[in-house]
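The values are calculated or read from the model by the stated rules, or taken from the named source; none is laboratory data. On a predicted model such as this, the values are computed, not experimentally measured, just so you know. In this analysis, Cβ positions are derived from the backbone assuming ideal geometry, glycine residues included, and neighbour counts consider all displayed protein chains.
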Amino acid sequence: MFRYQTTVKLYDTDASGALFFAAQFRLAHDACEAFLATTGILAKGPAALLFPVVHAEADYAAPLRWGNAVTIEVRPGRVGTTSFAMRYTLRNSAGKVAGMVNTVHVAINGKTGRPMRVPPKLRAALIAAGTPQKTAG
């Protein structure tokens, strides 16, 4: 598991002062980007490999407000041939679950725009972070 820490920014909130629903996806995406940076696979430049989100869902469990500290636990899910899933748990400063996000990403060759196999270095990092390897697919 990978942990990412941040704070809720004013622009993350809605008129009631609570985390705007779409901001939960942005926070999860920031955590994903931080995780990917630790793997070293982005060293070729961000355009060489792309990992667009093809599915996303979120659940909200407790409000987060401007200035609140947030810890995001990143847990890789299923790893396929050309795709992988990520699970994010957002926790407030008391450790209480504030929300959950699930995403599915497809590996894309940045030059051709075509799907490609999940790079071995990323596959290894996902597995090391607790992901069981998919046996077929």
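Data table
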read-out: Count - residues of the stretch 24-53 that are in contact with a Lys or Arg (Cβ under 8 Å, 6 or more places away or on another chain) and either surrounded by 14 or more Cβ atoms within 10 Å (Cβ to Cβ) or among the aromatic types (Phe, Trp, Tyr) (or both); value: 2
read-out: Selection from the stretch 4-48 of residues that are part of a helix (DSSP H, G or I) and β-branched (Val, Ile, Thr); value: THR38, THR39, ILE41
read-out: Residue within the stretch 9-20 that is touching a Gly at 6+ places or on another chain (Cβ under 7 Å) and either closer than 30 Å to ASN109 by Cβ or surrounded by fewer than 19 Cβ atoms within 10 Å (Cβ to Cβ) (or both) present; value: no
read-out: Residue, surrounded by the most Cβ atoms within 10 Å (Cβ to Cβ), within the stretch 86-115, restricted to residues that are without any contact (Cβ under 8 Å) to a residue 24 or more places away in the chain and closer than 20 Å to HIS55 by Cβ; value: THR89
read-out: Within the stretch 49-129, strands (runs of 3 or more DSSP E) holding 2 or more residues that are within 17 Å of ARG3 (Cβ to Cβ); value: 69-79, 83-91, 97-106
read-out: Scope the stretch 69-85; condition surrounded by 19 or more Cβ atoms within 10 Å (Cβ to Cβ) and touching a residue at least 60 places away in the same chain (Cβ under 8 Å); matching residues; value: VAL70, ILE72, VAL74
read-out: Selected residue [among the hydrophobic types (A, V, I, L, M, F, W, C), at pLDDT 95 or above and over 17 Å from ALA98 (Cα atoms)] from VAL70, VAL74, VAL53, VAL8; value: VAL53
read-out: Selection count, the stretch 1-24, where residues are closer than 20 Å to LEU126 by Cα and either without any contact (Cβ under 8 Å) to a residue 40 or more places away in the chain or aromatic (Phe, Trp, Tyr) (or both); value: 2
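Here is a yes/no grid of residues against (1) modelled with pLDDT of 95 or more; (2) in contact with a helix residue (DSSP H, G or I) (Cβ under 7 Å, 6 or more places away or on another chain); (3) of a type in the set (A, V, I, L, M):
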| residue | (1), (2), (3) |
| --- | --- |
| LEU27 | yes, no, yes |
| PHE35 | no, no, no |
| THR39 | no, yes, no |
| GLU57 | yes, no, no |
| LEU64 | yes, no, yes |
| TYR88 | yes, yes, no |
